[in-house]
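K.L.:
Before I ask anything, here is the structure I am working with.
Every number in this text was worked out from the coordinates using simple rules, so none of it is lab data. Everything numeric in this text was worked out from a predicted model, so none of it was measured. Here Cβ is always computed from backbone atoms with ideal geometry, including for glycine, and neighbour counts include all displayed protein chains.
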Amino acid sequence: MPLLDEVEAMREEAEKAIAGADSPDALEAARVAYLGRSGKLKDFMSRIREVPADQKKAAGQRLNEIKSGLETLFAGAKDRIGAKAVCARPLPDPTLPGRIQPLGSVHPLTQALERFAGIFERLGFTVRQGPEIEDVFHNFDALNMPDDHPVRDQADTFALEDNAILRSQTSTVQIRVMEEHVGRHGGGAGMPPIRIVSPGRTYRPDAVDATHHYSFSQIEGLAVDRDVAMADLKGFLGMFARETFGSGVKTRFRPSFFPFTEPSAEMDVSCVFCGGKGCRVCKRQGWVELGGCGMVDPNVFDAVGIDRELFTGFAFGFGIERVAMFMLGVDDIRRFTENDLRFLRQF
Ligand SMILES: [Zn+2]
């Protein structure tokens, strides 16, 4: 048989093999047999020298035509088989319930913090934050706690290196804001009014139990202006308490002592669970302690360079955990940091 007749026979055979392939494996076998590196087409190409010289060119052209024809068929078959493979897969059942991606939510402490900050913002306070790693000046000296003050004991703060400690209260931000005011206005008087609240984490090396933790959050407030009085402090904190716990809540101020305020007071609110009659939550007292407050000690103004003769101010600080525990009925401060989803999902 002349070479070209053999070639045409091979082409028919290859076309049948490709058309008949019904799986990716069968198709690949056909490709290797006819179009592969040592396949039949290649073999014919090397036999072109058997063709008489005047027919060589036409034979070569015919072989190339057959090659590209088979390649086209092969590509078509590949698509056909691929599509069949996809169809062969079981169809998704649209009636099945979807997979639910669990959504996170805001941590109860952050919720409480944002709520408190929001109330003070509506009362005209600006939210300010400061560094958690502080120096001794901002944490103690400027807050009227001299070198020999007992809270400066190594055992009462987390000391880092040299002058650096983890802040033990958010009052450090008050100092930074007052300094900023003084510097910004070129020193001297005329820089207040200041009205800020600073929420954030603080650290003390307390043994951890149901009501103590080495890391806790505070919200601290400061108002400085001419003629700010204790009555203003009581007015603002009373509004805060009613916004937070409801209009029926009563407040009470007990004399206390803090180095950075004079006079100082502890603020209590009437128990929202028993209405002041006494219950388990308020330990039969009818009152729950919210935090400390007082009029800014003039020594603090001296430390930051505010004229103590011209300005007065009040300051307050609440433990967020304590208030949140009271509001949410949480019995153990450790719940906030355990990352137990059974607890966190309730809020
Ligand atoms: Zn009570």
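K.L.:
Taking the Cα centre of the chain as origin and charging only Cβ (+1 Lys, Arg; -1 Asp, Glu), how large is the dipole, in debye to the nearest 20? Spell out each step's value before the answer.
P.N.:
Working: 43 positive and 50 negative charges, 340 e Å.
That gives the chain a dipole magnitude of about 1640 debye.
K.L.:
Which of the listed residues, Leu222, Phe140, Val272, is farthest toward the dipole's positive end in the chain, when Lys, Arg count +1 and Asp, Glu count -1 at the beta-carbon?
P.N.:
Of the listed residues, the answer is Val272.
K.L.:
Positive end of the dipole of the stretch 3-88, charges at C-beta (+1 Lys, Arg; -1 Asp, Glu), about the Cα centre: which of Ala53, Ala30, Leu70 has its Cα farthest in that direction?
P.N.:
Ala53
K.L.:
Which of the peptides 13-22, 214-223 is most tightly packed, and how do the rest follow, judged by the mean count of other Cβ atoms within 10 Å per residue? Don't jump to the answer; show the numbers that get you there.
P.N.:
On the way: 13-22: 16.1, 214-223: 21.7.
Those peptides, ordered most packed to least, come out 214-223, 13-22.
K.L.:
Enter the angle in degrees (range 0 to 90, nearest 10) between the Cα long axis of helix 3-20 and the first principal axis of the Cα atoms of the chain, meaning the one along which they spread out most.
P.N.:
Approximately 40 degrees, to the nearest 10.
K.L.:
Also: Of the trypsin sites (Lys or Arg not before Pro) in the stretch 87-150, which ones lie in a loop per DSSP and count no more than 10 other C-beta atoms within 10 Å? Numbers along the way, then the final one.
P.N.:
Details: sites: Arg99, Arg115, Arg122, Arg128; in loops: Arg99, Arg128.
Taking the stretch 87-150 and a limit of 10 other Cβ atoms within 10 Å, the loop trypsin sites (Lys or Arg not before Pro) found are Arg99.
K.L.:
Can you list the HN-Hα couplings for the stretch 206-215, worked out from phi with the Karplus curve (6.51, -1.76, 1.60; θ = phi - 60°), rounded to whole Hz and with x for Gly and Pro?
P.N.:
Using θ = phi - 60°, the values come out as 7, 5, 7, 8, 4, 10, 10, 8, 6, 10 Hz.
K.L.:
Now a separate question. Counting Lys and Arg as +1 and Asp and Glu as -1, each charge on the Cβ, what is the dipole of the stretch 3-88 about the Cα centre in debye, to the nearest 20?
P.N.:
Working: 15 positive and 15 negative charges, 63 e Å.
The calculated dipole for the stretch 3-88 is roughly 300 debye.
K.L.:
How many lysine pairs does the chain hold where the Cα atoms are under 25 Å apart and the two sit 8 or more places apart or on different chains?
P.N.:
Count of close lysine pairs: 21.
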